[in-house]
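The values are calculated or read from the model by the stated rules, or taken from the named source; none is laboratory data. Just so it is clear, the model here is predicted, and its values are computed rather than measured. Positions of Cβ are backbone-derived with ideal geometry, glycine not excepted, and every protein chain shown enters the neighbour counts. For accessibility, only protein heavy atoms count, side chains too; no ligands or nucleic acids. Shrake-Rupley method; radii C 1.70, N 1.55, O 1.52, S 1.80 Å.
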Amino acid sequence: MQRLRHSLRTAAIAIGVIGLIGGSAISATKTDSEPRGIPPERVADYIHSILRADRTIYTTHVVNRMQEKGVVSATEHWEQDNALPLPAQFLQHSGKLVAESGGGIRYRLISLWPIYQRNAPATDLERQGLESLSRNPNQPYTGVASSGKKRYFQAIYPDQAVSAACIKCHNAHPLSPKRDFKLNDVMGGIAITIPLE
């Protein structure tokens, strides 16, 4: 269990470092007449690519493989059950570590049908993004949000049911408001938030 926690922490820190590099690139300068740095849309795409790859590998090569072999299963209460975190929990925990790193970049899972209210959309931009993704999952939804005097770029990417485990968990969970998910359905979104400084 200690080794699993260390691996999760290491993966989250690696994602955070890459995110910080991307965040630094936003403010990098060329000359006064040229655009500055990498556009936040591109940085968000980079971060999302890493998140999607890490989550896919964790789901298919760790969770599914260990469960198929009967070694260990993934459960919602993984710490108490001495099990693996669910793929959604893996992403949530790594997102928490990245947020705690202080770089300003954040990411989290959100849904119009959250099992837990903390995963509901927190802003109109997030709600509109999720509604847009349910109609067109091929295009991330982007916008700029403000909090006090700070401005943030936010991109919301579709979070699709990529495995039977995703569907089984959401359709059977007693707190789930939606119980008819099918493979490849958009279950929610991954919201990536980048500070604009």
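Data for the structure
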read-out: Residues of segment 145-172 satisfying the condition of being surrounded by 19 or more Cβ atoms within 10 Å (Cβ to Cβ) and part of a loop (DSSP other than H, G, I, E, B); value: 161
read-out: Only one of 131, 100, 76 that is in contact with a Phe, Trp or Tyr (Cβ under 9 Å, 6 or more places away or on another chain) and either free of Cβ contacts under 8 Å to residues at least 24 places away in the same chain or among the acidic types (Asp, Glu) (or both); value: 131
read-out: Positions within segment 163-194 being charged (D, E, K, R) and touching a residue at least 60 places away in the same chain (Cβ under 8 Å), in sequence order; value: 178
read-out: Subset of segment 16-54 [surrounded by 15 or more Cβ atoms within 10 Å (Cβ to Cβ), touching a Ser or Thr at 6+ places or on another chain (Cβ under 9 Å), over 13 Å from residue 107 (Cα atoms) and at pLDDT 90 or above]; value: 40, 54
read-out: Test: residue 126 is acidic (Asp, Glu) and open to solvent by less than 20 Å² (accessible area, probe 1.4 Å); value: yes
read-out: Flag if residue 60 is β-branched (Val, Ile, Thr) and open to solvent by 40 Å² or more (accessible area, probe 1.4 Å); value: yes
read-out: Residue in segment 68-78 that is over 16 Å from residue 47 (Cβ atoms), small (Gly, Ala, Ser) and either open to solvent by 80 Å² or more (accessible area, probe 1.4 Å) or assigned to a helix (DSSP H, G or I) (or both) present; value: no
read-out: Residue, farthest from residue 181 (Cα to Cα), within segment 82-131, restricted to residues that are charged (D, E, K, R) and not in a helix (DSSP H, G or I); value: 106
read-out: Selection from segment 79-97 of residues that are free of Cβ contacts under 8 Å to residues at least 24 places away in the same chain, over 17 Å from residue 47 (Cβ atoms) and surrounded by fewer than 19 Cβ atoms within 10 Å (Cβ to Cβ); value: 80, 81, 89
read-out: Criterion (part of a strand (DSSP E or B), of a type in the set (Val, Ile, Thr) and surrounded by fewer than 19 Cβ atoms within 10 Å (Cβ to Cβ)) met by exactly one of 142, 193; value: 142
